[in-house]
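All remarks here apply to the structure that follows.
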Amino acid sequence: MKNKELQTKQNGTKAVWAGQSELFFHGATQVPIVNSVTFGYENVDDWFDVAVGKKEGHIYSRNTNPTVAVFEEKVRVLENAEAATSFSTGMAGISNTLYTLLNQGDRVVSVKDTYGGTSIIFLEFMPKKGIDVTLCETTDHDEIETEVRKGCKVLYLETPTNPTLKVLDLKRLIQVAHEVGAIVVVDNTFATPINQQPLALGADLVLHSATKYLGGHSDAMGGVVCGSKALIDQIFHYREINGATLHANTAYMLLRGIKTLELRVLRQNENAMKLAEYLQDHPKVDAVFYPGLPSHPSHEIAKGQMTGFGGVLAFSLKGDFENVKIFLNNLELAHLAASLGSVGTLIGPPKVTSHVEATEEERKQLGIPESLIRCAVGIENIEDIISDFHQALSKI
């Protein structure tokens, strides 16, 4: 089946077959890992035609690579985009995209609750390059609209946010951004293409840290951005020259992970909901942040633009940070580790996970309390995870 026909299929089918619907070298059913740095041609004319884009092909793996191309095509199909390009890490994808689109004198509007590395770009690096950055209160849609209407080149959004799980009304904000000619970039890492489709809601570009849910096993790092061919061509050109290239071996591992993306995400949606419901009723828990809970301030927005609420939740404990340490140190199943989206449950406070790069003052400025705990629920039997949480909480 051709990839064009796959666009009409459901996500589970796309995850398995997109980009690899035909047989490969010597009839192989799995994508070969092409470790060749360079690619040869029998004559100069064919070589030149590939170099200038008249024919399909590869010349040098910093630019393009057959294995990497299949990964990009698979994500492109899942996000229903015109084009996609990849990167060595998720942060490479975010930084390359932003620096492709923004130059000295340009203005970018975003929110305070973005991933820690993204926040550092906005707070530290972009002002040094003469880029005007405005960070709004994340759930204050009126403030965001007001700032966008003042004019901006890029509106950068992340929803649900990392690590406080705030939800932004994408349709509303995208409409305002397009009224002033802004390019809308959405980090869709937490939601995945299974739970949310930003391009279908009007976004211009959608980003993923492929290290997280796309790969799904905490053993491969990568990033990917999808959108119109015109925008992706610009970002690709910046990336191919700056060199943040995804390696063929890593692309293969990410491809293998994506095949089970829907199965994993559906299980993680279910597990996170059950864990959130358990935690919100626990006497030692102060607050739970999960968009699937009816008590979440943006629950109705999430219901309107998401088909599932994701595998990440956050919660705060009553008392001081000492209680956080007691709880975390007594967990037996969940790993105290950064990252998210893995088959195993990962947990920790933002000060050592999502916002380890930020200072305590910067975390305070971004509205992230030191007592917050982020939990990325895995695919284990949730009864075992809840039992583990229960015994650890009893030690406080």
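The values are calculated or read from the model by the stated rules, or taken from the named source; none is laboratory data. Keep in mind the model is a prediction, meaning the values are calculated, not measured. All Cβ positions, even for glycine, are placed from backbone atoms using ideal geometry, and neighbour counts span all protein chains on display. Each accessible area value is taken on the protein alone, full model and side chains, heavy atoms only, with ligands, DNA and RNA left out. Shrake-Rupley method; radii C 1.70, N 1.55, O 1.52, S 1.80 Å.
Table for the structure above
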{"quantity": "Boolean, Ala287 is surrounded by fewer than 17 Cβ atoms within 10 Å (Cβ to Cβ), hydrophobic (A, V, I, L, M, F, W, C) and more than 22 Å from Trp17 (Cα to Cα)", "calculated": "yes"}
{"quantity": "Segment 380-396 residues that are at negative phi, paired with ones that are exposed (fewer than 11 other Cβ atoms within 10 Å of the Cβ) and not hydrophobic (A, V, I, L, M, F, W, C) (beta carbon under 7 Å, 6 or more apart)", "calculated": "Asp388/Glu332"}
{"quantity": "Considering residues of segment 1-22 that are of a type in the set (A, V, I, L, M, F, W, C) and open to solvent by less than 80 Å² (accessible area, probe 1.4 Å) only, the residue modelled with the lowest pLDDT", "calculated": "Leu6"}
{"quantity": "Test: Val70 is β-branched (Val, Ile, Thr), within 26 Å of Ile183 (Cβ to Cβ), part of a helix (DSSP H, G or I) and in contact (Cβ under 8 Å) with a residue 40 or more places away in the chain", "calculated": "no"}
{"quantity": "Residue within segment 23-36 that is open to solvent by 100 Å² or more (accessible area, probe 1.4 Å), at pLDDT 85 or above and outside any helix (DSSP H, G or I) present", "calculated": "no"}
{"quantity": "Thr100 open to solvent by 10 Å² or more (accessible area, probe 1.4 Å), in contact (Cβ under 8 Å) with a residue 12 or more places away in the chain and closer than 13 Å to Phe236 by Cα", "calculated": "yes"}
{"quantity": "Matching residues in segment 107-160 - criterion: being open to solvent by less than 10 Å² (accessible area, probe 1.4 Å), of a type outside the set (Val, Ile, Thr) and at pLDDT 95 or above", "calculated": "Ser110, Phe122, Met126, Cys136, Leu155, Tyr156, Leu157, Glu158, Pro160"}
{"quantity": "Output for segment 75-116, where each listed residue is farther than 27 Å from Arg256 by Cα and part of a helix (DSSP H, G or I)", "calculated": "Leu98, Tyr99, Thr100, Leu101, Gly116"}
{"quantity": "Of residues in segment 43-70 being touching a Leu at 6+ places or on another chain (Cβ under 9 Å) and hydrophobic (A, V, I, L, M, F, W, C), the one nearest to Thr245 (Cα to Cα)", "calculated": "Val68"}
{"quantity": "Checklist (1) under 19 Å from Gln234 (Cα atoms); (2) touching a residue at least 12 places away in the same chain (Cβ under 8 Å) applied to Gly53, failing item", "calculated": "(2)"}
{"quantity": "Some residue of segment 221-238 being within 17 Å of Val75 (Cα to Cα), modelled with pLDDT of 95 or more and aromatic (Phe, Trp, Tyr)", "calculated": "yes"}
{"quantity": "Residue count for segment 161-175, restricted to those that are open to solvent by less than 10 Å² (accessible area, probe 1.4 Å) and farther than 23 Å from Gly93 by Cα", "calculated": "0"}
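Matching residues to (1) open to solvent by 10 Å² or more (accessible area, probe 1.4 Å); (2) at pLDDT 95 or above:
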site: Thr307; (1), (2): yes, yes
site: Gly310; (1), (2): no, yes
site: Leu313; (1), (2): no, yes
site: Ser339; (1), (2): yes, no
site: His355; (1), (2): no, no
site: Glu383; (1), (2): yes, yes
